[in-house]
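Report on the structure given below.
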2 protein chains.
Amino acid sequence: MKVPSVEVERRLAQFKAASRKGGVKLTHQRLEIFREIAASLEHPDAETVFRGVQRRVPTVSLDTVYRTLWRLNDLGLITTRCPRRESVRFDANLSRHHHFVCTRCGLTRDFESGEFDELRIPESVRALGHAETTQVEVRGVCLRCAKETKTKRGIATKKEEP
Amino acid sequence: MKVPSVEVERRLAQFKAASRKGGVKLTHQRLEIFREIAASLEHPDAETVFRGVQRRVPTVSLDTVYRTLWRLNDLGLITTRCPRRESVRFDANLSRHHHFVCTRCGLTRDFESGEFDELRIPESVRALGHAETTQVEVRGVCLRCAKETKTKRGIATKKEEP
DNA sequence: CTATTTGCAAATAATTTGCAGTGCG
DNA sequence: CGCACTGCAAATTATTTGCAAATAG
């Protein structure tokens, strides 16, 4: 599975516009780093983004990836997640969305839901601050892990995300 | 603000029971490490837990804190969060709960909501896996940050969590 | 042109591991 | 008593920084 290229292009266009407005330069590396996240369903971490970009821009350096990612994050052009023990992961989906997280393997996927976008905030939250948006994380077992359970009953095998 | 001591004791009792059942030893350090998280509203990181425990158990070491936290996490006795750029934070609130996160300072507070516990899962999630629970993250501006904005119009000052 | 951004290499911070001794059950 | 747990110190990551050269606008 991949992010449809139409959607990738849409994200890229939005990114370019926002970059110009934000006064950041549109370098080759920066564009490719963004593209890498925008095209991925995996919410990749810095290292993974680096390896992906490296295939297209062999001279790119890991520190540029780190710098760029945090820079884009500060500008609000991407956001961060960290579903599990490992390092921070990045998300270029700026549309309102929610997450499905597999409690076995950590697989994290976006999904949209108008209903979840409009949740009524409980009274008690008033005491904490002024609520602006809600994001729901649905936890469960992904299809692949569920299938594995059926085959080799209950042995939680460590594995990579698809 | 602090977690009421009745609640801390309840969490401790639950922890002791679960530890015995899980076959892990109830050492002094382990108990104090758990107490530190159980008594905190802040979802502290490893370093912070370490400093807190150190006041009561001066000989405790940072690596024991790390090992213990991940051990407890693996046993399901605590959970993890990482609301911002900094390192992973831990949560000893095992009751069903949701989070309010301040987008300015990162303050994270638990709250309960029967309504949020029972959200109807959208159809589209079926394609991803078998949903089990939902956790809502409400994002907004905490009271303290909101107050600051009113005083010094719009300058986002960096600050510690309360 | 000139302020940003990059790549490199080196520094720092965060986290994990090996090992010998300690203590819970 | 034995095995899980601890503290120490050293190792390993992960991430950040300083600086000179490169480049977008």
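Pull up the stretch A:126-142, narrow it to residues that are of a type in the set (A, V, I, L, M) and surrounded by fewer than 19 Cβ atoms within 10 Å (Cβ to Cβ), then point me to the one that is farthest from DNA strand C (Cβ to nearest atom).
Here the answer is A:127.
Can you tell which of A:100, A:116 is surrounded by 21 or more Cβ atoms within 10 Å (Cβ to Cβ) and assigned to a helix (DSSP H, G or I)?
It is A:116.
Can you report the number of residues in the stretch B:19-60 which are within 21 Å of residue B:74 (Cα to Cα), of a type in the set (Gly, Ala, Ser) and more than 9 Å from DNA strand C (Cβ to nearest atom)?
4
Take the residues of the stretch B:105-136 that are of a type in the set (D, E, K, R) and under 30 Å from residue B:149 (Cα atoms): which is nearest to the other protein chains (Cβ to nearest Cβ)?
Going through the qualifying residues, I end up with B:109.
Give the residues of the stretch A:53-94 that are small (Gly, Ala, Ser) and within 14 Å of DNA strand D (Cβ to nearest atom), sorted by residue number.
Result: A:61, A:87.
Return the residues of the stretch A:11-52 that are more than 12 Å from DNA strand D (Cβ to nearest atom) and either within 29 Å of residue A:143 (Cα to Cα) or within 14 Å of another protein chain (Cβ to nearest Cβ) (or both); say none if nothing qualifies.
Those that are more than 12 Å from DNA strand D (Cβ to nearest atom) and either within 29 Å of residue A:143 (Cα to Cα) or within 14 Å of another protein chain (Cβ to nearest Cβ) (or both): A:11, A:34, A:35, A:36, A:37, A:38, A:39, A:40, A:41, A:42, A:43, A:52.
If we scan the stretch A:26-43, do we find a residue that is on the phi > 0 side of the Ramachandran plot and surrounded by 19 or more Cβ atoms within 10 Å (Cβ to Cβ)?
yes
Does residue A:110 satisfy the criteria of being touching a strand residue (DSSP E or B) at 6+ places or on another chain (Cβ under 7 Å) and modelled with pLDDT of 80 or more?
Yes: the conditions hold for residue A:110.
The values are calculated or read from the model by the stated rules, or taken from the named source; none is laboratory data. Since we're looking at a predicted model, the values are computed, not measured. Neighbour counts run over all protein chains shown; Cβ positions are idealised from the backbone, glycine included.
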